[in-house]
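Taking it in order: structure first as structure tokens, then the write-up.
The values are calculated or read from the model by the stated rules, or taken from the named source; none is laboratory data. As the structure is a computational prediction, the values presented were derived from the model and not from experiment. Ideal geometry is used to build each Cβ from the backbone, glycine not excepted, and the neighbour counts take in all protein chains shown.
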Amino acid sequence: MRSIIEYLREIVLGIWSLLKGMKVTSTYFFSPGKIVTQKYPENRKSLVMLERFKGEVVMPHNEKNEHKCTGCGICEINCPNGTIEIISKVIITEDGKKKKAIDKHIYRLGMCTFCALCVKTCPSNALAFSQKFEHAVFNRALLNKILNKPGSQLMKGVE
Amino acid sequence: MLPEIVAQNTSASQSVPWWKFFYDFSLLTQPVDVWLKGSVSPFWSTVIEMAIVGVLFLLFYAVVGLFLVYAERKVCAFIQNRLGPNRIGPFGIFQTVADLIKLLFKELIPIKNADSFLFNLAPFIVIIVNFMVLAAIPFSKGLHAIDFNIGIFYVIAVSSMSVVGVLLAGWSSNSKYSLIGAMRSGAQIVSYELSIGLAIITIVILAGSMQLSEIIEAQRTGWFIFKGHIPALIAFVIYIISSTAETNRGPFDMAEAESELTAGYHTEYSGIRFAFFYLAEYINMFIVASIAATLFLGGWMPFHVGSWDGFNRIMDFIPPFIWYIGKTFFIIWIIMLFKWTFPRLRIDQLLTLEWKYLLPINLLNVLIMAFIVLMGWHF
Amino acid sequence: MDIQVKELIADEKQEYIINMGPQHPSTHGVLRLVVSLQGEIVKNIEPHIGYIHRGIEKMCESITYPQIIHLTDRMDYLSAHINNEAVCLTVEKALEVDITDRIKVIRTIMSELTRIQSHQLFWASYGMDLGGQTCFFYGLRDREKILDIFEETCGGRMLVSYNCPGGLMYDIHPNFQQRVKDFIKYFRKALPEYDTILTGNVIFRERSIGIGPLTLKDAVSYGVTGPSGRASGFSCDVRKHEPYSAYDRVNFNEVIYNEGDTYHRYLARIEEMRESMNIIEQLIDNIPEGSYAIKMKPIIKLPEGEYFQRVETARGELDVFIISDGNKNPFRLKFRSPNFVNLGVLNHISKGFKIADLVAIAGSLDFVIPDIDR
Amino acid sequence: MNKIELGEFIKSTDKDLEIKEGNQFTEVTVPPLKLFSLAKQLKEREEVKFDFLVCISGIDYGADLGVVYHLRSTVYEHTIVLKTRTSDRVTPKLDSVTELWATAEFLEREVYDLLGIKFTNHPDLRRLFLDSSWGFPLRKDYVDDINIVTK
């Protein structure tokens, strides 16, 4: 007799546990307000990335097309996998001295691991992360970017 | 009110307004039948009627199959706090159509060392079985392809043949995953046939007939799930559980168990052959749901309560087809809820559930039902 | 051995071989298990790994210590922060740098958040392994909230790279505390739902109780650490035994069960989420003031010697063993990754169970394949 | 036991062993032939009971190939480091400790895979990550011009 009661108890408890689970799922079924899906391409305009989001490395330029990069190469040394390559040139400053300056700051987005060491170690805060995250291109060569804009110059007062 | 009018007016059907077809479909089919029989020989009239019914079923099959795939995706998405398909058409309703077109264009990959004849045959067996069962289902009053006097028996007998297709698919694929899936499916369907059969017998005892139209007619004074109270309710639960198992769905999808066997018996199928299996799964679900609706929830019979004539008449205004679809989709929704809530059973637990729990309860239940019918203790 | 030869041998024993993986829904990545089956019963499992072996230990020998951090992210990507912390702690130990309390507390909070999100993903994928697909989405839905907190403070969602030798990359975001508190409040309500939908479910209990039992003796012998080891009664929580960061100033229980089956491995993780929330609640309101990073030399050189550091990741004990010859890059760096060691026990505990149980057992050990391969 | 006591214990088992008190753990340098017997004693003697093999790290010291064993006792919570090295770089051989700690099976396979140190009495010594045609990448003299790119 006890075994029969045990058998029935097992069935009732089992079904009860199943019903509790079904209650959770059906509650969600009838509450469309809890849907968490974001409709991505449609919400592009309202989509704001967080300010620290590591999208890609950029070199901010001011309105006079000036940047802060001195071409010291510390970011290149700190980069773990050779994402950054710096081609420097020698320029003659106004007072006639020869000085090393940046020619091309090559940044290979395809290799970047977003470890933030370049941004962190840059002595003149020339690099920053942008919030852009749509990086897909059809040609891989487009992922190799030159960060300093053509014709840009070193900002005054940055050594 | 309506059925009486309909019964009187069958001969003078030409004058029946169009909206009455919704209440009795035979008003439309009868004149066609009479006209055909009058204009061509009986042989050709039968052939033409069969062709019409066949084409209608093909259309119905595609529409219902695609709709159910869409419905499942939406239901599971809502359960999981997602949106589901929402790109093609409003609310993504054409998503499954697009999927079907994609599947139609896909390459049918020939499998090395596969038994190609059986491999090609398997999806068709599943499909043919589906069509054969659909023929016996009463969709609405008068909308019924064949009304056997052993209708429900026919349904059980034919639907159990779909396991042959599944077994052939697994066997001929030359893949171990498929084979395991097929063997599981074989064991599963063969044992759960028993439960389904017994659950149906419980209702057959209550109805006193195996003819589907008579079973429905017997529910004019109340659906069996209310009339037969406790044993009918138990039979209903058992029927839902075992029919979920028989359609290889939900917590019982041992045969395709994608986290274990990738896709089970249809692992190696591609393109339209895969689509056949896929559609067949959904049509199977539709079939078991409509059988459940017919047996327990009165099929197309509106909700009637014993002798409350006024209430019954109000209910009669809703066309039978709507009742039928509503009930069927309610049961489909429950089956979907099972699938998206529960984890999967293991194959031995599945058989334990059948032989240790469902079968004994079911046998006892048949006995109780017979006793109740004998004593007239039902409503 | 060639697979054909193996099949011949298996034929003689009336067994057959199936390949689970490298592409298989339940192996959570590119793990390949060559399973010998007799009917549905597992006779032998042979893990084949190395599909994403990247040679991180070799790579570490040629890069500097700050650069190693971003590689450790990519080992056990679900406990990325804790891996970072392990290397940082080793370097700080070697250099005898005293880090401020603020760093310690923030690191602890981040580690515990990492642990919660890892266990959430475990819950999600374990539910899916057993066939309850809805669990996956509920787990991910809640994990997303932690990832948002990470993104706000660290800039990365999964591969955070938030630690650096001597402290942290940035200070915490001003919203950090509030968001963590909101999350804890939310998750205290969501966790019982997990229990309703999976833990209490009769099918789930049938599927997992008594499956793949691991005794305490075997757990120690196979070196199974983390929640999997603790479910067998192996008291191996590094946070308790060798407290690092701020774990010596918080109260929490080491979750220990003695049964050692898949159900208790699962339960240990669920309980650990509760403990982690307790830890965070104790710390979040009193993050001490101080600097978030100690000024280090531009080029970090470890003094010659051997340094060993244990940390508790979400999956078990991660040990970092650095042999330095005084240069700016390590002479040899060894990671004892918990997943790799835990994988060794899979064959032992799943023999004699069914193929469906193998999925459950492998799921309950919670493998992250990049950590196995490194 | 603390570091000094452990050192004394090791002394009591074998006088010839070189014991060094490292900054963290007692470090014992064992010749390859004595490794297994010492490990067996460390595991089975009740006073120390090193039942948990934490990790096995293979190291290429340049001239020698070495293996470092970190052992811990779950009972007494103490740790000891065993070091052994072999100067044979062509066919380096060590005794396997799989009999004592089951976890060694995988850890030793890893060492074999990456450094090419063979472990005798290992039940199933095969390559683990890499295929058999690959060299032994953690050796310092390993060259791979294709896969290793240096700046």
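Here are the numbers:
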| read-out | value |
| --- | --- |
| Selection status of A:Ala101, more than 14 Å from chain C (Cβ to nearest Cβ) and assigned to a loop (DSSP other than H, G, I, E, B) | no |
| Count - residues of the stretch C:206-251 that are more than 8 Å from every other protein chain (Cβ to nearest Cβ), closer than 30 Å to B:Gln80 by Cα and surrounded by fewer than 20 Cβ atoms within 10 Å (Cβ to Cβ) | 2 |
| Unmet criterion (only one of (1) within 30 Å of B:Gly264 (Cβ to Cβ); (2) without any contact (Cβ under 8 Å) to a residue 24 or more places away in the chain; (3) in the same structural domain as C:Glu281 (by TED's automatic domain parsing); (4) not hydroxyl-bearing (Ser, Thr, Tyr)) for C:Leu78 | (2) |
| D:Lys20 being under 30 Å from C:Asp373 (Cα atoms), charged (D, E, K, R) and within 13 Å of chain C (Cβ to nearest Cβ) | no |
| Considering residues of the stretch B:208-250 that are outside any helix (DSSP H, G or I) and of a type in the set (D, E, K, R) only, the residue surrounded by the most Cβ atoms within 10 Å (Cβ to Cβ) | B:Arg249 |
| Restricting the stretch A:67-87 to residues that are in contact with a Lys or Arg (Cβ under 6 Å, 6 or more places away or on another chain) and modelled with pLDDT of 80 or more, the residue that is surrounded by the most Cβ atoms within 10 Å (Cβ to Cβ) | A:Thr83 |
| Residue in the stretch B:358-379 that is surrounded by fewer than 22 Cβ atoms within 10 Å (Cβ to Cβ), within 14 Å of another protein chain (Cβ to nearest Cβ), free of Cβ contacts under 8 Å to residues at least 60 places away in the same chain and assigned to a helix (DSSP H, G or I) present | yes |
| Breaking point among (1) closer than 30 Å to B:Leu337 by Cβ; (2) surrounded by 17 or more Cβ atoms within 10 Å (Cβ to Cβ), for B:Ser45 | (1) |
| Identity of the residue in the stretch C:26-41, touching a residue at least 24 places away in the same chain (Cβ under 8 Å) and in a loop (DSSP other than H, G, I, E, B), that ends up nearest to C:Gly352 (Cα to Cα) | C:Glu40 |
| Subset of the stretch B:75-121 that is at pLDDT 85 or above and touching a Pro at 6+ places or on another chain (Cβ under 7 Å) - its residue that is farthest from A:Tyr28 (Cα to Cα) | B:Gln95 |
| Residue, farthest from the other protein chains (Cβ to nearest Cβ), within the stretch C:156-182, restricted to residues that are in contact (Cβ under 8 Å) with a residue 40 or more places away in the chain and part of a helix (DSSP H, G or I) | C:Lys181 |
| Pick from the stretch B:258-296, criterion away from chain C (no Cβ under 14 Å) and β-branched (Val, Ile, Thr), ranking: nearest to C:Val35 (Cα to Cα) | B:Ile272 |
| Residue match in the stretch B:306-327 (condition: away from every other protein chain (no Cβ under 14 Å), in contact with a helix residue (DSSP H, G or I) (Cβ under 6 Å, 6 or more places away or on another chain) and crowded, with 24+ Cβ neighbours inside 10 Å) | no |
| From the options B:Thr247, B:Thr294, residue that is touching a residue at least 12 places away in the same chain (Cβ under 8 Å), within 17 Å of B:Gly222 (Cβ to Cβ) and among the β-branched types (Val, Ile, Thr) | B:Thr294 |
| Any chance C:Tyr126 is modelled with pLDDT of 85 or more and within 14 Å of chain B (Cβ to nearest Cβ) | yes |
| So C:Asp319, is it under 22 Å from the mean Cα position of the chain (by Cα) and either β-branched (Val, Ile, Thr) or facing another protein chain (nearest Cβ under 10 Å) (or both) | yes |
| Among residues of the stretch C:343-367, those that are within 12 Å of another protein chain (Cβ to nearest Cβ) and out of contact with any Gly (no Cβ under 6 Å at 6 or more places or on another chain), counted | 16 |
| Any pair with Cβ under 8 angstrom, 6 or more apart, that starts in the stretch D:24-50 at a residue that is more than 24 Å from D:Thr120 (Cβ to Cβ) and ends at one that is part of a helix (DSSP H, G or I) and of a type in the set (Phe, Trp, Tyr) | D:Glu47/D:Phe9; D:Val48/D:Phe9 |
| Yes/no for D:Val68 being at the interface with chain C (Cβ under 9 Å from one of its Cβ atoms) and either within 10 Å of the chain's Cα centre (by Cα) or touching a residue at least 60 places away in the same chain (Cβ under 8 Å) (or both) | yes |
| Residue satisfying condition, being at the interface with another protein chain (Cβ under 8 Å from one of its Cβ atoms), among the charged types (D, E, K, R), free of Cβ contacts under 8 Å to residues at least 60 places away in the same chain and more than 21 Å from D:Val28 (Cβ to Cβ), within set D:Glu110, D:Glu77 | D:Glu110 |
| So C:Cys88, is it buried (at least 19 other Cβ atoms within 10 Å of the Cβ), within 11 Å of another protein chain (Cβ to nearest Cβ) and in contact with a Pro (Cβ under 8 Å, 6 or more places away or on another chain) | no |
| Cβ pairs under 7 Å, 6+ apart, first in the stretch A:24-35 and facing another protein chain (nearest Cβ under 7 Å), second in a loop (DSSP other than H, G, I, E, B) | A:Tyr28/B:Asn81; A:Lys34/B:Asn81; A:Ile35/B:Asn81; A:Ile35/B:Arg82; A:Ile35/B:Leu83 |
| Per-region count, the stretch D:113-145, residues within 11 Å of another protein chain (Cβ to nearest Cβ), in contact with a strand residue (DSSP E or B) (Cβ under 7 Å, 6 or more places away or on another chain) and not in a loop (DSSP other than H, G, I, E, B) | 2 |
| Residue in the stretch D:65-87 that is within 24 Å of C:His348 (Cβ to Cβ), surrounded by fewer than 19 Cβ atoms within 10 Å (Cβ to Cβ) and modelled with pLDDT under 85 present | yes |
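This table checks each residue for (1) more than 14 Å from chain C (Cβ to nearest Cβ); (2) free of Cβ contacts under 8 Å to residues at least 60 places away in the same chain; (3) in contact with a Ser or Thr (Cβ under 6 Å, 6 or more places away or on another chain); (4) not hydroxyl-bearing (Ser, Thr, Tyr).
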residue: A:Lys45; (1), (2), (3), (4): yes, yes, no, yes
residue: A:Glu51; (1), (2), (3), (4): no, no, no, yes
residue: A:Glu56; (1), (2), (3), (4): no, no, yes, yes
residue: A:Glu66; (1), (2), (3), (4): yes, no, no, yes
residue: A:Gly71; (1), (2), (3), (4): yes, yes, yes, yes
residue: A:Ile74; (1), (2), (3), (4): no, yes, yes, yes
residue: A:Ile77; (1), (2), (3), (4): no, yes, no, yes
residue: A:Pro80; (1), (2), (3), (4): no, yes, no, yes
residue: A:Ile86; (1), (2), (3), (4): yes, yes, no, yes
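Results for (1) over 23 Å from C:Ala314 (Cα atoms); (2) within 14 Å of chain D (Cβ to nearest Cβ); (3) not basic (Lys, Arg), shown as yes or no for each residue.
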residue: C:Leu8; (1), (2), (3): yes, no, yes
residue: C:Glu12; (1), (2), (3): yes, no, yes
residue: C:Pro25; (1), (2), (3): no, no, yes
residue: C:His28; (1), (2), (3): no, no, yes
residue: C:Ile41; (1), (2), (3): yes, no, yes
residue: C:Glu46; (1), (2), (3): yes, yes, yes
residue: C:Gly55; (1), (2), (3): no, yes, yes
residue: C:Met75; (1), (2), (3): no, yes, yes
